[in-house]
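Take a look at the structure below.
The values are calculated or read from the model by the stated rules, or taken from the named source; none is laboratory data. Keep in mind the model is a prediction, meaning the values are calculated, not measured. Counting neighbours? That spans all protein chains shown, and the Cβs are built from the backbone with ideal geometry, glycine included.
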Amino acid sequence: MPGAQITMWNGVIKMASKSLIKYRTTIASLGCVICREYLNEHTEPQLHHIAQGSGLRSEYFICGLCPEHHTGAGGFHSSPRNFLRLYKLPTEYHLLELVNKFRARDNI
Ligand SMILES: [Zn+2]
Ligand SMILES: [Zn+2]
C-alpha cells in the first residue's frame, strides 16, 4: 500500500508513514473521547492535535473529537479554557488520558 496524505498540526499536507496512518486510524476508531466519557456514545471524530499552536505539538499527540466538541459552539477551539474546565481536564494533555483509557478498554 502506498503512503497516504495527512494534514499535519500546522495545516501542511504531507505524505505520512504507514505507522502514522495506522496510529491515526486507531485513535479515530475510539470515537470522540468526550462523547464516550460523558455521554457513553460513540461518535465519528475529527483528529484534534493537542497543544496545536504551542511548542509542544506532535503527530502522536492526537485525540478524536466530534465536530461539536472540536470546533462547535461549546467545542475545544471555541474556548480551550472553558472546555477543559467543563470536562474536568487539568490540562489539554489530559485528553491523552481518555485516549489511553479507551485504548485499554478496546485493547488496541
Ligand atoms: Zn463529542
Ligand atoms: Zn483541534
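From the residues in region 53-70 that are away from ligand 1 (no atom under 11 Å from the Cβ) and in contact with a His (Cβ under 9 Å, 6 or more places away or on another chain), which one is farthest from Leu30 (Cα to Cα)? So, considering only residues that are away from ligand 1 (no atom under 11 Å from the Cβ) and in contact with a His (Cβ under 9 Å, 6 or more places away or on another chain), the one farthest from Leu30 (Cα to Cα) is Arg57. Put simply, of Arg36, Arg24, Arg57 the only residue that is surrounded by 12 or more Cβ atoms within 10 Å (Cβ to Cβ), basic (Lys, Arg) and modelled with pLDDT under 95 is Arg57. Residues in region 61-78 that are more than 10 Å from ligand 2 (Cβ to nearest atom), crowded, with 20+ Cβ neighbours inside 10 Å and either in contact (Cβ under 8 Å) with a residue 60 or more places away in the chain or over 14 Å from Glu41 (Cα atoms) (or both): there are none. The strands (runs of 3 or more DSSP E) falling completely within region 1-69 include none with 3 or more residues that are closer than 20 Å to Phe83 by Cα and β-branched (Val, Ile, Thr).
Answer yes if at least one residue in region 9-25 is within 12 Å of ligand 2 (Cβ to nearest atom), of a type outside the set (D, E, K, R) and touching a strand residue (DSSP E or B) at 6+ places or on another chain (Cβ under 8 Å), and no otherwise. Yes, region 9-25 contains a residue that is within 12 Å of ligand 2 (Cβ to nearest atom), of a type outside the set (D, E, K, R) and touching a strand residue (DSSP E or B) at 6+ places or on another chain (Cβ under 8 Å).
Residues that are part of a helix (DSSP H, G or I), away from ligand 2 (no atom under 11 Å from the Cβ) and not polar (S, T, N, Q) within region 79-95 comprise Arg81, Leu84, Arg85, Leu86, Tyr93, His94, listed in sequence order.
Look at (1) within 20 Å of Ile108 (Cα to Cα); (2) surrounded by 18 or more Cβ atoms within 10 Å (Cβ to Cβ) and you find that His42 fails only one, number (2). If the condition is being more than 22 Å from Lys101 (Cα to Cα) and not hydrophobic (A, V, I, L, M, F, W, C), then region 53-88 contributes Gly53, Ser54, Gly55, Thr71, Gly72, Gly74, His77, Ser78, Ser79, Arg81, Asn82.
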